[in-house]
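K.L.:
Mind looking over this structure? Questions follow.
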Amino acid sequence: MQTQEQLHEFLTTSIGEPLGLDDDYFELGLVNSLFALELIKFVEHRFGITIEVADLDLDHFRTINRLSDFVAAKTDTVSRP
């Protein structure tokens, strides 16, 4: 399963709402700061990366596509088909 698909599955299951790949779930009010911490923990564990303080730019985490690109950059992989 590709990064984007894994993130989509986690987010839609956690939020309980269907999400498009470019839906800004923070702007839509679907998540809060506590969930942001859960999301960071999931990403670190699932993809074997460490998210540093310098990485904590909300723009990296706003959408599934942005988050997928962020993970790809941290793991040096291609994130989108």
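K.L.:
What is the ratio of the Cα radius of gyration of the range 3-75 to 2.2 N^0.38 Å, with N the residue count, to two decimals? Working shown, then result.
P.N.:
Details: Rg = 11.1 Å, N = 73, 2.2 N^0.38 = 11.2 Å.
Computed over Cα atoms of the range 3-75, the ratio equals 0.98.
K.L.:
Hand me the GluC sites (Glu not before Pro) from the chain located in a DSSP loop with no more than 13 other Cβ atoms within 10 Å, in residue order please.
P.N.:
On the way: sites: E5, E9, E27, E38, E44, E52; in loops: E27, E52.
Filter output for the chain: E27, E52.
K.L.:
May I ask you to sort D76, D57 by Cβ crowding, counting other Cβ atoms within 10 Å and putting the fewest first? Don't skip to the end; give the middle numbers.
P.N.:
Numbers: D76 6, D57 10.
Arranged by neighbour count, lowest to highest, D76, D57 become D76, D57.
Throughout, read-outs are computed from the coordinates displayed, never taken from laboratory work. Keep in mind it's a predicted model, so treat the numbers as computed, not measured. Cβ atoms come from the backbone with ideal geometry, glycine included; neighbour counts cover every protein chain shown.
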